[in-house]
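One structure is given here, and the rest of the page talks about it.
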Amino acid sequence: MILEILSIGMIISACLALFLDEVVYSVAAFSGTFLFTALLYAVSGSVYAAIFQFAVGVGTLAILFLSGEMLSDKPVKKTSPEKLAALLGIGVVLSLPAIFLSVSSSGGTVSVSTASFGDALWSLNGLDVVLQALVILTVALGVAIILYERRRGVQ
């Protein structure tokens, strides 16, 4: 039951991060996505992956928050409560498969490995770590290039 609640929170915060108009609120919702992902790892028994996810999330959010605050124009209008309610509804609808279509591991005859989820996640995630580092590097380089171009244009 706790996994479903964390999944719902992660999906709703991801929807809010994608569709909110104001950058600061979008980055705050994105931080919720990172937090729920880390909690999912921790509850599943992969504490080291949860700590790594949290650390990567903090670094990524710092870069996104600073670049979003410095480079975006302030919106004239605020997000309407109707749009926020619609986004929350979309997140709930998207999380319904996580609630009702859970796959039970007991009694199943198909088994790929006997390792637990935490063990498999931590021992088989080399490609994930490299790709997350590549994404963070790309974001940091993009922000640095944009800030350099703005600074050069000011002088």
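Hey, among Ala120, Ala98, which residue is over 20 Å from Leu16 (Cβ atoms) and either surrounded by 14 or more Cβ atoms within 10 Å (Cβ to Cβ) or at pLDDT below 70 (or both)? Walk me through it before giving the result.
Values: Ala98 fails: over 20 Å from Leu16 (Cβ atoms).
So the residue among Ala120, Ala98 that is over 20 Å from Leu16 (Cβ atoms) and either surrounded by 14 or more Cβ atoms within 10 Å (Cβ to Cβ) or at pLDDT below 70 (or both) is Ala120.
Which number in (1) at pLDDT 75 or above; (2) farther than 28 Å from Leu61 by Cβ marks the one condition that Leu87 misses?
Condition not satisfied by Leu87: (2).
Let me confirm something: among Tyr25, Tyr41, which residue is over 22 Å from Val92 (Cβ atoms) and not β-branched (Val, Ile, Thr)? First the steps, then the outcome.
Values: Tyr25 fails: over 22 Å from Val92 (Cβ atoms).
One residue alone meets the criteria, Tyr41.
The values are calculated or read from the model by the stated rules, or taken from the named source; none is laboratory data. In this text, all values refer to a predicted model and were calculated from it rather than measured experimentally. Every residue, glycine as well, gets a Cβ built from its backbone with ideal geometry; the counts of neighbours run over all protein chains shown.
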